[in-house]
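For reference, the structure is listed below as C-alpha cells.
The values are calculated or read from the model by the stated rules, or taken from the named source; none is laboratory data. These numbers come from a predicted model, not from an experiment. All Cβ positions, glycine included, derive from the backbone under ideal geometry; neighbour counts span all protein chains shown.
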Amino acid sequence: MSRPSISAFFPAYNDAGTIASMVVLADLTLRRLTDDYEIIVVNDGSPDHTDSILTDLEVRYPRLIVVRHDKNRGYGGALRTGLSTASKDLIFYTDGDAQYDVRELELLVPLMTENIDWVNGYKISRSDPLHRVVIGKIYCWVVKLAFGIRVRDVDCDFRLIRRDACRRVKLESTSGTICVEMMRGFHDAGLRFTECPVHHFHRAYGKSQFFNFPRLFKTFRELTGLWWRMVVKGDSNARQTKLKPEQPTQTAGRTEERASSRS
C-alpha cells in the first residue's frame with residue numbers, strides 16, 4: 001500500500017466559500033501520495049453558488065467528479081452517494097466546509113497497513129464556540145456509551161477507509177447519524193482500525209446545519225431508533241470479516257496502541 005489508489009470525496013452543502021480550496025489542496029496532496037486518484041464532490045442541492053464554482057473546477061481539474069443532487073438529501077444521503085461513487089482502493093472523506101486540513105491525509109495513509117481497515121481522525125482540540133464544544137462532548141459521550149463505540153472521537157469526519165471494507169456495511173441513514181451507523185457497523189463487521197490526531201479549525205464560511213434545537217431533537221430521535229435497531233435488535237446490516245490466521249485480531253473494539261501514542 002505504499003502507492004495506493006485513492007478516492008477523496010467531500011459532501012458539500014452551501015460551501016461556495018471553501019469548496020474550491022478543498023479541491024485544489026486535495027489535488028496537490030493526492031499527487032504526492034499516488035498516481036491513481038480521483039476527487040469527488042457531492043453537491044447536495046446547495047442553493048448558493050457552490051455548483052457554479054464546481055462547474056468551473058470541472059474544466060480545470062480533469063480528475064474531479066461532481067455528483068449533483070437535485071434536492072437536498074441530508075448529510076447521510078450525500079455521504080452514501082460519495083461512498084458508492086468512489087472507485088479506488090482507499091476512500092478518504094471529510095466535509096466541504098474546510099474545518100479540517102485535507103493535507104493531513106498524508107498522516108493517515110502511512111497508518112493504513114495490511115492489518116488495518118480504517119483510520120479514524122480525532123480532533124487535537126475543537127475550534128468551535130463554547131456551546132458547540134459542550135454539546136459535542138455530551139454527544140460523543142452518549143454515543144460511545146449507548147453504541148459501544150470505542151473510537152476516541154465519533155464526531156470527527158476525517159476518515160480513510162478501505163473500499164472493500166466499506167462494502168461490508170450497508171448504510172441507511174440520511175442524516176448526520178450515518179457516522180454512528182457506519183462506525184457501529186464497522187464494529188459489528190469486525191473491521192480493524194487505528195486513530196490519528198488531526199487539527200480542527202474555525203468555520204471560515206457559512207454556518208453549521210447541525211447545531212440548532214430542532215435539528216438536535218431530530219438527531220436524538222433518530223439516534224434512539226438507530227440504537228434500537230443496531231444494539232437492541234442486533235441488526236447492523238454488516239457482514240463479518242474473516243481474518244486470516246496470521247493476522248492480529250484487533251478490531252473496532254480495540255485501538256491500535258501505536259497510533260494512540262501519537263497524541
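Condition check ((1) modelled with pLDDT of 80 or more; (2) in a loop (DSSP other than H, G, I, E, B); (3) among the polar types (S, T, N, Q); (4) surrounded by 12 or more Cβ atoms within 10 Å (Cβ to Cβ)) across all residues:
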position: ARG203; (1), (2), (3), (4): no, yes, no, yes
position: LYS207; (1), (2), (3), (4): no, yes, no, no
position: LEU216; (1), (2), (3), (4): no, no, no, yes
position: PHE220; (1), (2), (3), (4): yes, no, no, yes
position: ARG229; (1), (2), (3), (4): yes, no, no, yes
position: GLY234; (1), (2), (3), (4): yes, yes, no, no
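Selection of first residues in segment 11-25 that are assigned to a helix (DSSP H, G or I) and of second residues that are among the basic types (Lys, Arg), restricted to Cβ pairs under 7 Å at least 6 apart or on distinct chains, gives the following pairs, ordered by first then second residue: LEU25/ARG103.
Of the residues that make up segment 30-42, is at least one within 28 Å of HIS202 (Cβ to Cβ) and of a type in the set (S, T, N, Q)? No, that holds for no residue. Within the option set VAL133, VAL142, being in a helix (DSSP H, G or I), at pLDDT below 95 and over 17 Å from VAL198 (Cα atoms) holds for one residue only, VAL142. From the list TYR93, TYR75, the lone residue that is among the hydroxyl-bearing types (Ser, Thr, Tyr), in contact (Cβ under 8 Å) with a residue 40 or more places away in the chain, within 22 Å of VAL180 (Cα to Cα) and in a helix (DSSP H, G or I) is TYR75. Restricting ARG103, ARG68 to those that are under 18 Å from MET22 (Cα atoms), over 18 Å from the mean Cα position of the chain (by Cα) and not in a loop (DSSP other than H, G, I, E, B) reduces the list to ARG68.
Applying the selection to segment 78-90, what residues are touching a residue at least 24 places away in the same chain (Cβ under 8 Å) and in a helix (DSSP H, G or I)? Scanning segment 78-90 gives ALA78, LEU79, ARG80, THR81, GLY82, LEU83, THR85. Figure legend. Inter-residue proximity from segment 49-63: first residues at pLDDT 95 or above, second residues assigned to a loop (DSSP other than H, G, I, E, B) and loosely packed, with under 15 Cβ neighbours inside 10 Å, beta-carbon distance below 6 Å, spacing 6+ or different chains. No pairs are indicated. Being over 25 Å from GLY74 (Cα atoms) and of a type in the set (Lys, Arg): is that true of ARG150 here? It is true that ARG150 is over 25 Å from GLY74 (Cα atoms) and of a type in the set (Lys, Arg). Return yes when VAL151 is in a strand (DSSP E or B) and touching a helix residue (DSSP H, G or I) at 6+ places or on another chain (Cβ under 8 Å) and no when it is not. Spelling it out, it is not the case that VAL151 is in a strand (DSSP E or B) and touching a helix residue (DSSP H, G or I) at 6+ places or on another chain (Cβ under 8 Å). Looking across segment 47-89, the residues that are out of contact with any strand residue (DSSP E or B) (no Cβ under 6 Å at 6 or more places or on another chain), of a type in the set (A, V, I, L, M) and surrounded by 20 or more Cβ atoms within 10 Å (Cβ to Cβ) come down to ILE53, LEU83.
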